[in-house]
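For reference, the structure is listed below as structure tokens.
The values are calculated or read from the model by the stated rules, or taken from the named source; none is laboratory data. Quick caveat: nothing in here was measured; it's all calculated off a predicted structure. Reconstructed Cβ throughout: ideal geometry from the backbone, glycine too, with neighbour counts over all protein chains shown.
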Amino acid sequence: MTEEDAQTPSHSDAEMRALLERQRAAFTAAMPEDLDARENRLNRAIFLLTENADWFAETISEDFGHRSKEQTLLTDIGPSVNALKHAKKHFRHWARGEKRSPMFPLGLLGGQARVDMMPKGVVGVVAPWNFPVGMVFVPLAGVLSAGNRALVKPSEFTPLTSRLMAELAQKYFHEEELAVVTGGPEVGKAFTALPFDHMIFTGATGVGRHVMRAAADNLVPVTLELGGKSPTIVGRSADRKKAAERIALGKMMNAGQICLAPDYVMVPQEQESGFIDDLTESVAALYPKLLANDDYTSVINGRNAERLAGYLNDARKKGAELIEVNPAGEDFFNSNGNKMPLTLLRNVTDDMAVMQEEIFGPILPVKTYHRIDEAIDYVNAHDRPLGLYYFGSDEAEEAQVLGHTMSGGVTVNDVLFHNAMEDLPFGGIGPSGMGNYHGVDGFRTFSHARAVYRQSKLDVAGMGGFKPPYGKATARAIKGMLKG
């Protein structure tokens, strides 16, 4: 048993299945799910967050070893509240049925067609540790506004936050509406094997493969948000200092523990040294010191700190140059914590672990290119990323980069911000994920678009030649279908 398991109550498979059945029974009994009930749940989710924001911030910091209250409010609580408010404002419009046009001549004969947006039922939400509140409540905005019930499995790596979330869920919701289950990897494995009506998982690509296999046994549709290695391309036309500052801000936020963090940067070869200097200056301006700085987040635990150190050792042995950005010259080795400075890497090669795995920490490889085609070809030769970032003012080059690459989303002249747009779909493609959520796209993901056709009183089948015995009407119908 891990330390995290020991601190957090663990739900059994039987308990989780019983919760699922109670939620499904309540959902079935309430059909059709009332719009006022949905709004009430969205309101309660908002109250849960706003009334306990400081408590969440304190608890998350304790789980991390240190994370500032401001960062949690800005990047975890705030986006969650915004997503829930956005859904509350728009979901009644999203939920309206949509009229469709029956095929000719059925519309002329009185036939009617429409699409109804129906809730799917019970949605399983598997959330990671890096944003332990946001990665639960942002998808819940779509889940609840679409009229579903939800079972949530937060991460065992933030056990105190998971336990707090479970306690608050019981206070603000009936367990037939929303329930949080806790426990370690075995609980997570059993959770993903439950016969949900839909499941959303946020986490590592490797774990996502296991989640998809488990869901396949019950034919559960899944939304996977997996991350990967998000590239940042700095064009020759870019404002280099501004690009360096924005990349530094995005990379240092949450100590790089963001699925969308810039994973590596590609710069023109002749600008490499200048760009590294700009990055170093930008970090120093944002974080004049790191260990004794409340604004800078700790790596989540010793295991991840060792993983990151392993990447650095492997890169050094294989020929990379390591540039530690430590503005105040602080002693991280003897700090008795898991804070790490940003380390820039030059001369990286694809045989290095840091260029094969998602980094998820304060390490940033810097690669060079001669022609923009080289940068594009490098991106395309690797797994499709969750995010792609381009800096530059050359519109033709921007179109070339965006038109010849594929990624889950794109931010131009900044990083991360496409994720902050609630009215844009968020999700990956290929190894970086499948499906999307946020705003109306989340509502649609967690809804079933049910086709409804209402037949007229006329004998449409006979008039259209579909009723035996086949004759002239049938011949006319076939001729019309096959006509070019």
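Here's the yes/no breakdown for (1) touching a residue at least 12 places away in the same chain (Cβ under 8 Å); (2) of a type in the set (Asp, Glu); (3) in contact with a Phe, Trp or Tyr (Cβ under 8 Å, 6 or more places away or on another chain):
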position	(1), (2), (3)
MET253	yes, no, no
PRO262	yes, no, yes
SER273	no, no, no
ILE276	yes, no, no
SER298	yes, no, yes
ARG303	no, no, no
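From the list VAL401, VAL415, the lone residue that is touching a residue at least 12 places away in the same chain (Cβ under 8 Å), aliphatic (A, V, I, L, M) and not in a loop (DSSP other than H, G, I, E, B) is VAL401.
The single residue among GLY256, GLY274 that is assigned by TED's automatic domain parsing to the domain that holds ARG384, at positive phi and either touching a helix residue (DSSP H, G or I) at 6+ places or on another chain (Cβ under 7 Å) or not hydroxyl-bearing (Ser, Thr, Tyr) (or both) turns out to be GLY256. Pairs meeting the criteria (first residue in segment 369-398 and loosely packed, with under 13 Cβ neighbours inside 10 Å, second residue outside any strand (DSSP E or B) and not hydroxyl-bearing (Ser, Thr, Tyr), beta carbons under 6 Å, at least 6 apart or on different chains) are HIS370/GLN269. Looking only at residues in segment 78-105 that are outside any loop (DSSP other than H, G, I, E, B) and of a type in the set (A, V, I, L, M, F, W, C), the one that is nearest to ALA451 (Cα to Cα) is TRP94. Hey, does segment 145-159 have a residue that's assigned to a helix (DSSP H, G or I) and either without any contact (Cβ under 8 Å) to a residue 40 or more places away in the chain or of a type in the set (Lys, Arg) (or both)? No: zero hits. Being under 23 Å from ALA146 (Cβ atoms) and assigned by TED's automatic domain parsing to the domain that holds ARG24 is a description that does not apply to ASP217. Taking segment 193-243 and the strands (runs of 3 or more DSSP E) fully enclosed by it, the elements with 2 or more residues that are within 21 Å of VAL265 (Cα to Cα) are at 230-234. Filtered by the rule that a residue be under 21 Å from ILE276 (Cα atoms) and assigned to a loop (DSSP other than H, G, I, E, B), segment 359-382 gives ILE359, PHE360, GLY361, PRO362, HIS370, ARG371. For segment 28-46, filtering for residues that are surrounded by fewer than 12 Cβ atoms within 10 Å (Cβ to Cβ) and under 15 Å from LEU140 (Cβ atoms) leaves 0. Kindly indicate whether any position in segment 279-288 is in a helix (DSSP H, G or I), under 25 Å from GLY403 (Cα atoms) and modelled with pLDDT of 95 or more. No, there is no match, as no residue in segment 279-288 is in a helix (DSSP H, G or I), under 25 Å from GLY403 (Cα atoms) and modelled with pLDDT of 95 or more. Looking across PHE131, PHE137, one residue alone is outside any loop (DSSP other than H, G, I, E, B), surrounded by 24 or more Cβ atoms within 10 Å (Cβ to Cβ) and not charged (D, E, K, R). It is PHE137. In segment 2-25, the qualifying residues are those that are surrounded by 17 or more Cβ atoms within 10 Å (Cβ to Cβ) and either of a type outside the set (D, E, K, R) or modelled with pLDDT of 95 or more (or both), and the one that is farthest from LEU160 (Cα to Cα) is ARG24. Of the listed requirements (1) closer than 27 Å to ALA87 by Cβ; (2) of a type in the set (Val, Ile, Thr); (3) in contact (Cβ under 8 Å) with a residue 40 or more places away in the chain; (4) not in a loop (DSSP other than H, G, I, E, B), VAL410 misses just one: (3). For segment 316-323, the criterion of being modelled with pLDDT under 95 and of a type in the set (A, V, I, L, M, F, W, C) is met by no residue. Considered as a group, the residues in segment 98-128 that are of a type outside the set (Ser, Thr, Tyr) and exposed (fewer than 13 other Cβ atoms within 10 Å of the Cβ) include one that is farthest from ARG476 (Cα to Cα), and that residue is GLU98. Restricting THR28, THR50, THR59, THR75 to those that are closer than 18 Å to HIS448 by Cα and either modelled with pLDDT of 95 or more or within 20 Å of the chain's Cα centre (by Cα) (or both) reduces the list to THR28.
Being under 31 Å from the mean Cα position of the chain (by Cα), without any contact (Cβ under 8 Å) to a residue 60 or more places away in the chain and in a loop (DSSP other than H, G, I, E, B) is a description that applies to ASN293.
If you go through segment 450-479 and keep only what is part of a loop (DSSP other than H, G, I, E, B) and over 30 Å from PRO119 (Cα atoms), you end up with LYS457, LEU458, ASP459, GLY464, GLY465, PHE466, LYS467, PRO468, PRO469, TYR470, GLY471.
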